[in-house]
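Below is one structure, written out as structure tokens; comments come after it.
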Amino acid sequence: MKAEALIFDMDGTMIDSMPWHAKSWVEFARRHGITMPADEILRRTTGRTGTECMREVFERELADDECLALVHEKEVIYRELFDATFTEVAGFTDFARQAAQRGLKIAVGTAGDRHNIAFAMSRLKMDPLPLAIVGGDEGLAGKPEPAIFLEAARRIGARPERCIVFEDAPFGIEAARRGGMRAVAVCSSHSPAELAGAHVIAAVRDYHQLARSNFLETLDAALA
């Protein structure tokens, strides 16, 4: 089977942002008197859309407009914290460029909203740009539901079974499985064991490791 497309999650997969999301959750929780520990917040929210996250953290039903205001507050904190030390997951932009040069379609499927997407893309300066970016504020169910990845595949005209999802979180790995896609576990914030699955064809710390393993050159064989 020949691979057609690579679909990348954003936070923790394209950009090394998860420590800063954790710090922003700590500050947000302090402001709102939330006692849930940061590691529990991350476990329950990573991969979910903003409105889903707020309902998880506040542990009650919230109106959509209230959720959106809270999401905006939290993500402003995150962007302010991460801006001065913005970094990609090592080797990402070079890897994505090389994949595109080999004829693979590149897309992004993230639970992040349009503001966080713009923040990341303006700093990554990908060349070429992804053919499609699907965000978490487009009305689709968050991960572990596969809707975001399936929509990314649809927009670029790729068959799900010929897409490889790159993910750093258990919910995202599960979303790839539910969507009928293979996955690469990017172990920037979780261990390989936490991101394991029969559909996971590689588990790496960063994209330099993928390059050293000739991943792109042997991708079709890995799908056979």
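The values are calculated or read from the model by the stated rules, or taken from the named source; none is laboratory data. Because the structure is predicted, anything quoted here is derived from the model rather than measured. Note that we place each Cβ from the backbone using ideal geometry, even for glycine, and neighbour counts take in every protein chain shown.
Results, tabulated for the structure shown:
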| read-out | value |
| --- | --- |
| Selected residue (only one of Gly91, Gly12, Gly103 is out of contact with any helix residue (DSSP H, G or I) (no Cβ under 6 Å at 6 or more places or on another chain) and at pLDDT 95 or above) | Gly103 |
| The range 1-36, subset more than 18 Å from the chain's Cα centre (by Cα) and among the acidic types (Asp, Glu), residue surrounded by the most Cβ atoms within 10 Å (Cβ to Cβ) | Glu4 |
| Number of the exception - Ile106 against (1) among the hydrophobic types (A, V, I, L, M, F, W, C); (2) out of contact with any Leu (no Cβ under 6 Å at 6 or more places or on another chain); (3) in contact (Cβ under 8 Å) with a residue 60 or more places away in the chain; (4) closer than 28 Å to Glu217 by Cβ | (2) |
| Which listed residue is surrounded by fewer than 20 Cβ atoms within 10 Å (Cβ to Cβ), small (Gly, Ala, Ser) and closer than 23 Å to Asp94 by Cβ, from Ala202, Ala185, Ala198, Ala132 | Ala202 |
| Of residues in the range 37-84 being exposed (fewer than 13 other Cβ atoms within 10 Å of the Cβ) and touching a Ser or Thr at 6+ places or on another chain (Cβ under 9 Å), the one nearest to Gly172 (Cα to Cα) | Asp64 |
| Evaluation of Ala211 against (1) part of a loop (DSSP other than H, G, I, E, B); (2) hydrophobic (A, V, I, L, M, F, W, C); (3) touching a helix residue (DSSP H, G or I) at 6+ places or on another chain (Cβ under 8 Å) (one fails), failing number | (1) |
| Enumeration of residues in the range 22-55 that are assigned to a helix (DSSP H, G or I), of a type outside the set (D, E, K, R) and farther than 18 Å from Leu68 by Cβ | Ala22, Val26, Ala29, Ala38, Ile41, Leu42 |
| Subset tally (residues that are surrounded by fewer than 20 Cβ atoms within 10 Å (Cβ to Cβ) and either of a type outside the set (Asp, Glu) or free of Cβ contacts under 8 Å to residues at least 12 places away in the same chain (or both)) for the range 141-165 | 9 |
| Members of the range 178-221 found to be of a type in the set (Gly, Ala, Ser), farther than 26 Å from Ala141 by Cβ and in contact (Cβ under 8 Å) with a residue 40 or more places away in the chain, listed by number | Ala211 |
| Any hit, the range 166-175, residues being modelled with pLDDT of 95 or more and surrounded by fewer than 18 Cβ atoms within 10 Å (Cβ to Cβ) | no |
